[in-house]
Amino acid sequence: MRNSMRVLSNVFVVLSALCFAVPAFAQGGTSNPTNWVAIAAGFSMAIASAGCGIGQGRATASATEALARNPSARAGIQFALILGLALIESLALYTLVIIFAKVK
Amino acid sequence: MTSQTAPAGDDFYSRALERIQKIMLVLGISALITACIFFGWRIGMGFALGATIAYLNFHWLKKVVAGLADLTIGSGTPVSSRGVVHRFILRYFLMAIVAFVILTISRESLYGLFVGLFLPVAAILCETAYEAYTALVRKM
């Protein structure tokens, strides 16, 4: 199982390297420069999504753990979780807006 | 003093989510009228769509969290965990489809859509200000 996971991770690393290789091969002098803004935008969205995903996962895990320990505090925990999830989602939206403002 | 104010305070804070949804409605309608008057109907239409998605998103988020709490505690009507996950993912699909459609139709509307998507944040900020004001004035 661990071996197959390692093979899979190696495959994904090679595939991601190939994604970079395609625009690199397409370069021909100064006529078609690499669009670094688009690449940076993709990376920033990926990082923001990953951060928000981790944040939402941690918030949900903590809330469910707290609920299981103390079910009588359900109202407060639920309220805090909803607000937290909504605000975390808005962080990814901020990134998306900035990307749309910069990449045209 | 404390024993009298505590239940009132609990009741006040337990209705915060309802208040946030009402604030979203009020803010959305007033901002839609303002956008249509000052920026044109295209941006207004984008804002209306964004605000609708944000409102639905918040409503579904509330339902998903309630379902999750039911699952964790084991109370209420039993809900399927698959349904909870599907609803959670469906929200993102809806947002992506609407954004794509608007992007292909009009770019101006997209800016309105983005502003509309931030409606819950504005409503939460208003609720925070209201709670702070109430805490200061009524000593809750």
Long-range neighbours under 9 Å by Cβ, at least six apart or interchain, first residue away from chain A (no Cβ under 11 Å) within the stretch B:10-21, second polar (S, T, N, Q) and in a helix (DSSP H, G or I)
B:PHE12/B:THR134
Qualifying residues in the stretch A:61-104 (those that are polar (S, T, N, Q) and in contact with a helix residue (DSSP H, G or I) (Cβ under 7 Å, 6 or more places away or on another chain)) - the one farthest from the other protein chains (Cβ to nearest Cβ):
A:THR95
Is it the case that the stretch B:10-26 has a residue that's at pLDDT 90 or above and touching a Leu at 6+ places or on another chain (Cβ under 8 Å)?
yes
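Condition check ((1) closer than 30 Å to B:VAL64 by Cα; (2) touching a Leu at 6+ places or on another chain (Cβ under 9 Å); (3) modelled with pLDDT under 85; (4) of a type in the set (Val, Ile, Thr)) across all residues:
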position	(1), (2), (3), (4)
A:LEU18	no, no, yes, no
A:SER49	yes, no, no, no
A:GLY55	yes, yes, no, no
A:ILE77	yes, yes, no, yes
Condition check: of a type in the set (Val, Ile, Thr), part of a helix (DSSP H, G or I) and touching a residue at least 40 places away in the same chain (Cβ under 8 Å). Does B:VAL64 satisfy that?
no
In this structure, is A:SER90 in a helix (DSSP H, G or I), closer than 20 Å to B:TYR111 by Cβ and more than 12 Å from the chain's Cα centre (by Cα)?
yes
Look at B:ILE43 and say whether it is within 19 Å of B:LEU113 (Cα to Cα), modelled with pLDDT under 90 and either β-branched (Val, Ile, Thr) or not in a helix (DSSP H, G or I) (or both).
yes
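The values are calculated or read from the model by the stated rules, or taken from the named source; none is laboratory data. Only a predicted model underlies this, so the values are computations on that prediction, with no experimental measurement involved. Virtual Cβ from ideal backbone geometry, glycine too; neighbours counted across all protein chains shown.
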